[in-house]
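Input: a single structure, listed below in structure tokens.
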Ligand code: EPZ
């Protein structure tokens, strides 16, 4: 199995280009099948989850033509099946977006029920509630969700939680429905807005995306378009935290600074200097890091997907920090691994109490999930000595060329697939 081997201690210095947003692309690609014309999507991140989604789209018969590692042409006119295989849902939960897309376009869809995952139970009751309120019959049997409707009729939908997934899935089911739909208490994340913008460029009529009330006027059909995915807010935040932890000076390029405001605010509280440009953010970490409090919440609050990464930095800050995870029930799986590297983190229910230490010591650790894995890499970059990170397939789901981008900033990190390669790397950097 591949691993990252890291020799810590180098401050990250230089420039890094951020890729397209994985969680936007996972909604945009299913939405693209809703036209019977070609939709070209650019700035896709070249990561496993996106490639699995493209396989799932091909699996139902849509034409998928790769125009490059970050660009694809999709044509939904050849779709011949409305059943999404379990193998895709097992690999990526986001396949459930095909439910909203197929139901919206064909008034019928069958998608395997996604299970829980590493960070919590991940229910989809709000998705199904929205479909039903649009007039669909939704049944769950034998682990499969079946949704069908004679016709979909717009209505008022209230989300008990501002769910990103439910907002995107219901939006797709509603764009071709008859009449008006409102989604109240909608999620406001940048990737929700990106999916809405793509659908509007295909001829949909969606207003208010990015606010907590989204208004949709059903249209008869959608047409082809060309669209570019927004930069990945969470990848950008991860590099900002890596710069902070390693006392670095990094220009994070190809970002939308507004999407990073909560992350920038916390790093400033911790003593970093943050400079914003039109499409870049510079992070300089030259002073001792200070403790602070972080509570994850819905956008524009501090994102749950950045919680493990900021915790890895707080573990090096003077004083005691408190991190409260309000979105998922199992998002502190990194804590034990960071404690094995010398951190002092106590987790009680959904609160992490972090007593700052002077340094991490390198160790052999395993990524428990995507963002926790990124946090372990950040710790390894700052640690004294060598760190080996196992199970990096989790990390590669959401970060394109992660070790290459980090090495480009001066990190001593390599992806290895054997003990021999690992030994060679240790010898090379010693
Ligand atoms: C999306 O997951 C992201 N995934 C997650 O990123 C991210 O952590 C999450 O949004 C929150 O920002 C993708 O976009 C593919 P939610 P999603 O529905 O849509 C509850 C990563 O690391 N809920 O906004 O599944 C749910 O339990 C991943 O890239 C219901 O109760 O998250 C949670 O407490 C991890 N019923 C809260 O809402 C539902 O029907 C927010 O979940 C749906 C959700």
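FYI, it's all coordinate maths here, none of it is from the lab. Note that the structure is predicted; figures quoted are calculated from it, not measured. All Cβ positions, even for glycine, are placed from backbone atoms using ideal geometry, and neighbour counts span all protein chains on display.
Observations on the model:
- FRET efficiency, residue 71 to residue 358 (Cβ-Cβ, R0 60 Å, nearest 0.05): 0.85
- Cα gyration tensor, segment 307-360 - rounded (a/c under 1.5), prolate or oblate: prolate
- GNM on the chain, alpha-carbon springs under 10 angstrom: the most fluctuating residue among 242, 149, 335 is 149.
- For segment 221-294, convex hull volume per residue from C-alpha positions, Å³: 98 Å³
- Going from the residue with the fewest nearby Cβ atoms within 10 Å to the one with the most, 223, 127 rank 223, 127.
- Shape call, segment 292-430: gyration tensor on alpha carbons, a/c limit 1.5: prolate
- DSSP bridge pairs, segment 206-352: antiparallel proportion in percent, nearest 5: 70 percent
- Cα-based shape type of segment 62-205, given that a ≥ b ≥ c are square roots of the gyration tensor eigenvalues and the cut on a/c is 1.5: rounded
- Nearest-ten-degree value, helix 22-32 long axis tilted from longest Cα axis of the chain: 20 degrees
- Pairs of Cα atoms farther than 23 Å apart, segment 9-121, %: 30 percent
- Each label was represented as a point 7 Å from its Cα along the Cα-to-Cβ direction; for residue 156 and residue 78 these points are 4.5 nm apart.
- Peptides 207-216, 14-23 ordered by packing proxy, namely the average of other Cβ atoms within 10 Å per residue, highest first: 14-23, 207-216.
- The reciprocal of the average 1/r between distinct C-alpha atoms defines the Kirkwood hydrodynamic radius, which for segment 274-373 equals 14.2 Å.
- Dividing the summed helix terms, -39500 (n - 2.57) for each DSSP H run of n ≥ 4, by the number of residues in the chain produces a 222 nm estimate of -9500 deg cm²/dmol to the nearest 500.
- 0 to 90° range, to nearest 10: angle between helix 97-106 axis and the chain longest Cα axis: 20 degrees
- Dividing the radius of gyration of the alpha carbons in the chain by their Kirkwood radius gives 0.99 for Rg/Rh.
- In terms of other Cβ atoms within 10 Å, 202, 240, 34 run from fewest to most in the order 202, 34, 240.
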